[in-house]
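Dumping the structure here so I can ask a few things about it.
Read-outs: derived from the displayed coordinates by stated rules, not from any lab. None of these values were measured; they are calculated from a predicted model. All Cβ positions, even for glycine, are placed from backbone atoms using ideal geometry, and neighbour counts span all protein chains on display.
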Amino acid sequence: MIPGSEGVLFTVEAGDEGASVAAVTIDTGQVPTLVPGAQHGRYSPSGHLVHSVGGDLWAQGFDAARLETSGVAVRWSRTC
């Protein structure tokens, strides 16, 4: 669950097509894809969606009420 929102973040595994971070809106059942090619999406109270791509940790602006990303994703750290 995303605090202050009617949404839940999750990872969609699509076999050979890879993974994507998505959300489901509880009241409507809509499932927007938020970050194609990413996984392990987590909401940060700083107003960011944190996710991983290829072992790297990324952060992107996120409007929890609208379940929409904004701006450009920035690599936060590289894993070893």
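Can you give me the long-range amide H partners of Glu68? Hydrogens built in the peptide plane at 1.01 Å from N, cutoff under 5 Å, separation of 5 or more residues or another chain.
Correct list: Asp63.
Same structure, new question: Tell me, what is a quarter of the convex hull surface for the C-alpha atoms of the chain, in nm² with one decimal?
Numbers: hull surface 21.5 nm².
Taking the Cα atoms of the chain, their convex hull projects to 5.4 nm² on average.
Please sort by residue number the trypsin sites (Lys or Arg not before Pro) in the range 45-80 whose DSSP state is loop and whose Cβ has at most 15 other Cβ atoms within 10 Å. Spell out each step's value before the answer.
Working: sites: Arg66, Arg75, Arg78; in loops: Arg66.
Here the sparse-neighbourhood loop sites are Arg66.
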